[in-house]
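The structure under discussion appears below in the form of structure tokens.
The values are calculated or read from the model by the stated rules, or taken from the named source; none is laboratory data. The structure presented is a predicted model; accordingly, all values stated were derived computationally and were not measured. Here the Cβ positions follow ideal geometry from the backbone for every residue, glycine too, while neighbour counts run over all protein chains shown.
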Amino acid sequence: MIFANRRWLEFVFGVVVPTALTALAAAAVVYLAMARMAAEVNDIDRRGIARVVEVLKDESLARMNLAATEFAAWNAKALGEVAAGSADAFSVPAESERIFDTLLIVDVGGAPLRAFHKGKAVGPDGVGVSRADVATLVAAALQRPDQSASGFVQSRLGPLVVGVQKIEPGTGTASTGSQRYLLVGRSVTGTQFTAMAEALGVKHLVFGPAPVGSDTVPLVSAAGALLGSIGWEPRVSGTEAMERARLPVLAVLLLLFVVMAVLVVTIWKMMSGLRHDETTARHAASHDPLSGLPNRASFHQRLADAYANPRHSIAVLFADLDGFKEVNDTYGHDVGDRLIRATAAGFRALVGEDGTLARLGGDEFAVVVEGDMPAERARALGESFVDFLDEAFDFEGRTVKVGCSVGVAVDVDGNLTPGELVRRADVAMYVAKAGGKNRVDLYDAVMDADRQARAALAAELREAVANDGLQVHYQPVVSAKTGSISAVEALIRWIRPGGPISPVVFLAVAEEAGMSDLIGTYVLRRVARDARSFGDLKMVVNVFAAQFRDPGFPDALGAILKSAGMPPERLELDITESFLVSEPERARRSVEALHALGVSVALDDFGTGFSSVAYLRRFAFDKVKIDRSVVIDVIRDPASQSLVQAAVALAETLGAEVTAEGIEMAEEAEALKRAGCHELQGYYFGAPTVRSEILRRIAREKQAVEHLLA
């Protein structure tokens, strides 16, 4: 026994200890060398970014220099009149605000005479620029009369990067003593400056009151005063490289100890196996197998634990995916499962240590938030969930898009039960879903009453549909060439005994209650029945997303048309761009099926945010309908005019016609005719009204034509 102990001691102190010390010494030398290299690399990065920030300053000055020169040239007459004092009013063109948001007219001494900020006059001293800085720039402009001067100046708005340009004298300016100068500028801390910085690779640029540390560049005014410093988030490339190299070094060190640790490792594996089995069993009982998140039982246990601590305020967040069922129906449950896993991973990263995330089942997630300001933190988490799902997922070429409706409830005083807090969060979530989805709502007591009212309204709406209590009004669509009615668009109306209900209200209730398809079918049946009285006019119907998602919709539509004896080519169905973006593959199949049926398909609300040449080519629409948001500016905005002309040219190239919607003035109608639109629609040509009124108008037009031909 003594001999064995002696050999063990000799082995430990003669082999193990020296080897371990040697390995530790080698690791220490390598670590110190890596640390020194990391510090050098970090310092090089720091100096490099400082040079980039200097370039950024120079670029900002050059932009303001050019802006002052171009603005003075383009607005020479107006500025000359202002400088001469002969102009009572002067306004800054709206398009100039993309370059600068502040404009001053100053004298040779730098004193402001007129000042504008964000297109509005603010009084000569409303911006509060430093006269010393402005006078310095004016002096520089005097030395170079054919060029602008630029620099940084202090103001009440903070540091400004400005350009100064001499104003050519206008009528009434007789002497050099009355010379005026144009000053244009933008805040150094504005979004444009930050965007330029990020484009150059500088992240999280900030402006501080004074230089602090080494990751800053001083900002000096034109007169030489220190305005503060520009700081940024430092890059630590060396440190990151050192972190990546740490594991290989540890692996080498571990290799040196492997012979000595064989026995310990064997025992450890035996113990780990038992411990792993126990941990796995506990994890399976408390976690969702698909997402790996805590399950419903764990969520309620965590909420109960939170209520056991009366010092904490508690908030519960409920998140429900919008459109998840459609993903399962379209792509199958395998893609749906992948979507749940991807969503869970994203939510987990967003929640971090700020709360406890759980999957309650299906497409529902929940978070328990404790501590200070739980409502604010929970709302911020909910908004981050919505933003995260704003981007579509790509699963092996399949574009999958879902949204997220979030409800938040908070218990500040601990007066609620866990069940009541959960119920309130669920109510808030359904309010968010009913309010348009992709939003976050905080529970309010009014929500319970509102939910009951919406449920009652949904029941009344269902009864109205069953008893033919809804009405279909028609709005004329006129030919741009002849001015006569070429089509009528069907619009659903609900006029109760107590007064009409806005379509915005009852259609939202219908969607929440799952009645969109029911109301859509109701409208199609009425339109098919009324079509006979409209002769050969085109009948236009807006299609609900719920109808378009239904694979059986084309067959059901064909049966409706056949039963009413309406030719399919007389029907035009309008779909919105948002549905194409969210579910492009399903939309493509639906459009193809409708075309095969003989029905025309139009792209509605063109120009509201998703307009794409690729979509127009992919779906082969028969018509493109330009939204009112574009039409409203067509008589005064060149960009809107260009958009309409481009839409017409593109549609004609693809064999489609263009209808302009929402026309309310003769000037708009004339401008859209000149742009080449084929059809026009809006209150200028007639508001939606009952079928009989439209028929009387058509009869009057027919009589007028016959009278002209007689």
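Please go through the stretch 127-145 and pick out each residue that is under 44 Å from the mean Cα position of the chain (by Cα) and not in a loop (DSSP other than H, G, I, E, B).
Passing the criteria: ARG131, ALA132, ASP133, VAL134, ALA135, THR136, LEU137, VAL138, ALA141.
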So is VAL206 surrounded by 12 or more Cβ atoms within 10 Å (Cβ to Cβ) and either at pLDDT 80 or above or of a type outside the set (Val, Ile, Thr) (or both) or not? no
Just checking, how many residues over the stretch 563-587 are farther than 15 Å from MET539 by Cα and modelled with pLDDT of 90 or more? 1
When you scan the stretch 491-577 for helices (runs of 4 or more DSSP H) that lie fully inside it, which ones turn up with 3 or more residues that are in contact (Cβ under 8 Å) with a residue 40 or more places away in the chain and under 28 Å from the mean Cα position of the chain (by Cα)? 503-512
Residues of the stretch 493-504 satisfying the condition of being surrounded by 13 or more Cβ atoms within 10 Å (Cβ to Cβ) and either touching a Lys or Arg at 6+ places or on another chain (Cβ under 9 Å) or among the charged types (D, E, K, R) (or both): ARG493, ARG496, ILE501, PRO503
Per the filter on the stretch 434-454, residues in contact (Cβ under 8 Å) with a residue 24 or more places away in the chain, in a helix (DSSP H, G or I) and among the hydrophobic types (A, V, I, L, M, F, W, C) are ALA434
Just one listed residue, out of VAL402, VAL427, is touching a residue at least 12 places away in the same chain (Cβ under 8 Å) and touching a strand residue (DSSP E or B) at 6+ places or on another chain (Cβ under 6 Å), and it is VAL402
I'd like to check which helices (runs of 4 or more DSSP H) are fully inside the stretch 592-710 and have at least 1 residues that are at pLDDT below 85. 613-619, 628-631, 638-653, 691-709
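For every residue, the table says whether it meets (1) small (Gly, Ala, Ser); (2) surrounded by fewer than 17 Cβ atoms within 10 Å (Cβ to Cβ); (3) in contact with a strand residue (DSSP E or B) (Cβ under 8 Å, 6 or more places away or on another chain).
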position: ALA304; (1), (2), (3): yes, yes, no
position: ASP322; (1), (2), (3): no, no, yes
position: GLU326; (1), (2), (3): no, no, no
position: ALA349; (1), (2), (3): yes, yes, no
position: LEU357; (1), (2), (3): no, no, yes
position: PHE365; (1), (2), (3): no, no, yes
position: GLU383; (1), (2), (3): no, yes, yes
position: GLU391; (1), (2), (3): no, yes, no
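On the given criteria, is VAL406 outside any helix (DSSP H, G or I) and either among the small types (Gly, Ala, Ser) or at pLDDT 90 or above (or both)?
yes
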Taking the stretch 467-477 as the region of interest, how many residues are touching a helix residue (DSSP H, G or I) at 6+ places or on another chain (Cβ under 9 Å) and over 30 Å from ALA660 (Cα atoms)? 2
With modelled with pLDDT under 90, assigned to a helix (DSSP H, G or I) and under 30 Å from the mean Cα position of the chain (by Cα) as the only criterion, which of VAL431, VAL465 stands out? VAL431
Conditions: (1) of a type outside the set (Val, Ile, Thr); (2) modelled with pLDDT of 75 or more; (3) more than 30 Å from VAL217 (Cα to Cα); (4) out of contact with any Asp or Glu (no Cβ under 8 Å at 6 or more places or on another chain). ALA72 meets all but one. Number of the miss? (4)
Would you mention how many residues in the stretch 144-181 are at pLDDT below 90, buried (at least 19 other Cβ atoms within 10 Å of the Cβ), among the aliphatic types (A, V, I, L, M) and within 21 Å of ALA78 (Cβ to Cβ)? 1
In the stretch 294-329, residues that are without any contact (Cβ under 8 Å) to a residue 24 or more places away in the chain and farther than 19 Å from SER405 by Cβ total 5
Restricting to the stretch 374-399, name every residue that is over 19 Å from ALA319 (Cβ atoms) and either touching a residue at least 60 places away in the same chain (Cβ under 8 Å) or of a type in the set (Val, Ile, Thr) (or both). PHE395, ARG398, THR399
Consider ASP633 against the criteria (1) within 31 Å of the chain's Cα centre (by Cα); (2) outside the structural domain of ALA531 (by TED's automatic domain parsing); (3) touching a residue at least 12 places away in the same chain (Cβ under 8 Å): it satisfies all of them except one. Which criterion is unmet? (3)
Identify, please: which residue in the stretch 296-348 is of a type in the set (Asp, Glu) and under 21 Å from LYS433 (Cα atoms) and is, among those, modelled with the highest pLDDT? ASP320
Kindly check whether there is at least one residue in the stretch 414-433 that is closer than 30 Å to PRO584 by Cβ, surrounded by fewer than 20 Cβ atoms within 10 Å (Cβ to Cβ) and assigned by TED's automatic domain parsing to the domain that holds ASP305. yes
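Quick one: which of VAL92, VAL82, VAL134 is touching a strand residue (DSSP E or B) at 6+ places or on another chain (Cβ under 9 Å), in the same structural domain as VAL162 (by TED's automatic domain parsing), modelled with pLDDT of 85 or more and crowded, with 20+ Cβ neighbours inside 10 Å?
That would be VAL134, the only listed residue that is touching a strand residue (DSSP E or B) at 6+ places or on another chain (Cβ under 9 Å), in the same structural domain as VAL162 (by TED's automatic domain parsing), modelled with pLDDT of 85 or more and crowded, with 20+ Cβ neighbours inside 10 Å.
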Matching residues in the stretch 393-407 - criterion: being over 24 Å from ASP441 (Cβ atoms) and either among the small types (Gly, Ala, Ser) or not assigned by TED's automatic domain parsing to the domain that holds ALA432 (or both): GLY397
Can you say whether GLY682 is at positive phi and surrounded by 16 or more Cβ atoms within 10 Å (Cβ to Cβ), as far as the supplied structure shows? yes
Going by what's in this entry, would VAL624 be described as within 16 Å of VAL541 (Cα to Cα), buried (at least 18 other Cβ atoms within 10 Å of the Cβ) and among the aliphatic types (A, V, I, L, M)? yes
Residues in the stretch 387-421 that are farther than 17 Å from ASP363 by Cβ and among the β-branched types (Val, Ile, Thr): how many? 5
